1. So is residue 118 over 23 Å from residue 258 (Cα atoms), of a type in the set (A, V, I, L, M) and assigned to a helix (DSSP H, G or I) or not?
2. Mind checking which residues of the range 60-94 are touching a Gly at 6+ places or on another chain (Cβ under 6 Å) and either more than 18 Å from residue 37 (Cα to Cα) or among the polar types (S, T, N, Q) (or both)?
3. Would you confirm, using the coordinates I've provided, whether residue 287 is under 17 Å from the mean Cα position of the chain (by Cα), small (Gly, Ala, Ser) and within 18 Å of residue 25 (Cβ to Cβ)?
4. Scan the range 129-146 for residues that are within 17 Å of residue 191 (Cβ to Cβ) and at pLDDT 95 or above and jot them down.
5. Quick check: anything in the range 235-248 acidic (Asp, Glu), surrounded by fewer than 17 Cβ atoms within 10 Å (Cβ to Cβ) and touching a Phe, Trp or Tyr at 6+ places or on another chain (Cβ under 8 Å)?
Amino acid sequence: MAAGTAALLATRLAPGGTGTSLPLAFSTLGCPNWELSKILDFAQKNGFSGVELRGLLGTLDLPSRPEFAADRIARTRKEIADHGIQIACVSSSTELHIADPAKRARGIADGKRFIDLAEALGAPNVRVFGNKFENGGRDEVITRVAAGMHEMAEHAGPRGVTVIIESHGDFVDSPTLKEVLTRADSEHVGLLWDAHHTFVDGHEQPSRTVAELGKWIRHTHLKDSVQDGKERKYVLPGRGDVPMKAQVDALRRIDYRGYYCFEWEKVWHPDLLEPEVAFPQFVTVMAGYLNPKQVSRY
């Protein structure tokens, strides 16, 4: 389906025919060569209402970008608003499993820079990683990750931002993530549910993951893949064996209010199809899942 047709379908499915888009977003991992203006234009014209910032024009260090400098941030925020787009999440690279005190402090300090950027952009979430079970036993690592989330949440809460841990790396099963989030002990922490990882790597069905972790889910990554030898190969949404519809259905059953974000990892996998092809395909597939009766509350 052509990009314009996909966008029209998404608009028709929006409540009341107002022209607003479905709660769909894409990560900038999928369009590493696009300037911010092109990102916003494409989102607006193709049925998206949100964007997750994860790198821009070759750098993952978003706070260092000129678009977000103190003397330009107000203009950038206005440009985003003028397109009718929300920044759904500002994604940092902070890894909270790290044990070395100096490296850990630098990582948390860097994460706080992203929280400050999220506040300036009116974005509700900042992503962090638990990532790896190393330099200590399971309980010790979970304690470190939870403590790091709590510290960052203390910085985020007054700024209207939630710190969300992604289901990623060694942190892809519900018991582990539930323990981290419970120990973090803050209303300003939550989960970025990468539904692909909990299914493929965590070996959990979507209904189980959402039943266990649903109250913490603030943002969602969706993508599809197939088995390719010993590895998984990313494919266009709806072309693989990841149960994307079941993932969406599980979220809707708990009245999920966040974005359904397409993470097309072209930064890490440059051989993937171009975003001009992949992004509209996501809209088409998601519009098929989110029929008018289901989306009436948005």
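1. no
2. First, the residues of the range 60-94 that are touching a Gly at 6+ places or on another chain (Cβ under 6 Å): 86, 88, 92, 94.
Listed by number, the residues that qualify are 86, 92, 94.
3. no
4. Pass one, the range 129-146, residues within 17 Å of residue 191 (Cβ to Cβ): 129-131, 142, 145-146.
Of everything in the range 129-146, those that are within 17 Å of residue 191 (Cβ to Cβ) and at pLDDT 95 or above turn out to be 129, 130, 142, 145, 146.
5. Filtering the range 235-248 down to residues acidic (Asp, Glu) leaves 241.
Subset that is surrounded by fewer than 17 Cβ atoms within 10 Å (Cβ to Cβ): 241.
With the extra rule that they be touching a Phe, Trp or Tyr at 6+ places or on another chain (Cβ under 8 Å), the set shrinks to none.
Checked the range 235-248: no residue is acidic (Asp, Glu), surrounded by fewer than 17 Cβ atoms within 10 Å (Cβ to Cβ) and touching a Phe, Trp or Tyr at 6+ places or on another chain (Cβ under 8 Å).
The values are calculated or read from the model by the stated rules, or taken from the named source; none is laboratory data. A quick note: this is a predicted structure, and the numbers were derived from the prediction, not measured. Here the Cβ is made from the backbone with ideal geometry for all residues, glycine too, and neighbour counts use every protein chain on show.
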